[in-house]
Amino acid sequence: MNKIIQGDCLEVMKTMEDNSVDLVLVDPPYGIKACKGVGGFGASKTDKHYSGGWDNSRPSKEYFDEMLRIGKQVIIFGGNYFADLLPQGKHWIVWDKKGDIKFQNPYSDCELIWTNIKRNTVKKCVFKQQGFIKDTKDIRVHPTQKPSELVQMFIEEYTKDGDIIFDPFAGSGTTGVACKNTNRNYILIEKEPEYVEIIKERLKI
């Protein structure tokens, strides 16, 4: 616990026991080529955070089967991209990224978040993230980075102090940051060495 593992998360997950973590909280690659730019804007050729092809394809069903096996609860950002690979979700979360912003822009107004949480409700969260207008205080170091404050909200609602939170596609380590802020334990897996170093810096380890 409370460490970063560099490698292919599928191989690591296969070594983990059933229901061994309290919450899988993950933002997998959507397969929409966000590594080449997001929100209708291309990536700067000098921006190293857009290097590589980490978003060229989405994970296979085997990855999600493993997450569901080891997690007592599972929350997956961008759930609409994986709906054909997941069971029916009865408790979806709608992240309203626009709030009271009136003007139009090429960014998504909302994001759909799939869960296996046993509530027959839809939850709405408002937390602005529209280009340069955003509620988070985080410095952006990953193209699809989620606000740590938003992740923290989910952790506080669905887990308790001392629980184990698992993120198999850790990216810039936002889940770890939120866990440290809420007295939760974390297990992070990230394939790219560059982002492993970024995570270590963000977590000061």
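The values are calculated or read from the model by the stated rules, or taken from the named source; none is laboratory data. Source: prediction; values computed, not measured. Glycine also receives a Cβ, built like all others from the backbone with ideal geometry; neighbour counts cover every protein chain displayed.
Numbers for the structure displayed
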| read-out | value |
| --- | --- |
| Residue within segment 130-139 that is at pLDDT below 95 and in contact with a strand residue (DSSP E or B) (Cβ under 9 Å, 6 or more places away or on another chain) present | yes |
| Residues of segment 53-82 satisfying the condition of being of a type in the set (Gly, Ala, Ser) and loosely packed, with under 15 Cβ neighbours inside 10 Å | Gly53, Ser57, Ser60 |
| Segment 79-96, residues that are part of a loop (DSSP other than H, G, I, E, B), over 15 Å from Phe154 (Cα atoms) and not hydrophobic (A, V, I, L, M, F, W, C) | Pro87, Gln88, Gly89, Lys90 |
| Check on Ser172, touching a Ser or Thr at 6+ places or on another chain (Cβ under 8 Å) and touching a residue at least 12 places away in the same chain (Cβ under 8 Å) | no |
| Hits in segment 127-143 - residues which are in a strand (DSSP E or B) and under 16 Å from Gly78 (Cα atoms) | Gln129 |
| In segment 175-194, the residues that are within 14 Å of the chain's Cα centre (by Cα) and surrounded by 23 or more Cβ atoms within 10 Å (Cβ to Cβ) | Thr175, Gly176, Ala178, Cys179, Tyr186, Ile187, Leu188, Glu190 |
| Pairs, first within 20 Å of Asn120 (Cβ to Cβ) in segment 88-99, second buried (at least 17 other Cβ atoms within 10 Å of the Cβ) and among the acidic types (Asp, Glu), C-beta under 9 Å, six or more apart | Ile93/Glu111; Val94/Glu111; Trp95/Glu111 |
| Positions within segment 94-117 being surrounded by fewer than 18 Cβ atoms within 10 Å (Cβ to Cβ) and acidic (Asp, Glu), in sequence order | Asp96, Asp100, Asp109 |
| Qualifying residue in segment 151-174 (condition: out of contact with any helix residue (DSSP H, G or I) (no Cβ under 8 Å at 6 or more places or on another chain), surrounded by fewer than 19 Cβ atoms within 10 Å (Cβ to Cβ), hydroxyl-bearing (Ser, Thr, Tyr) and not in a helix (DSSP H, G or I)) | no |
| Verdict on Asp167 being in contact with a strand residue (DSSP E or B) (Cβ under 9 Å, 6 or more places away or on another chain), under 21 Å from Val94 (Cα atoms) and touching a residue at least 12 places away in the same chain (Cβ under 8 Å) | yes |
| Residues of segment 1-28 classified as assigned to a strand (DSSP E or B) and among the polar types (S, T, N, Q), total | 1 |
| Condition check for Ile155: at pLDDT 90 or above and over 14 Å from the mean Cα position of the chain (by Cα) | no |
| Ala43, sole failed condition from (1) part of a loop (DSSP other than H, G, I, E, B); (2) at pLDDT 85 or above; (3) surrounded by 15 or more Cβ atoms within 10 Å (Cβ to Cβ) | (2) |
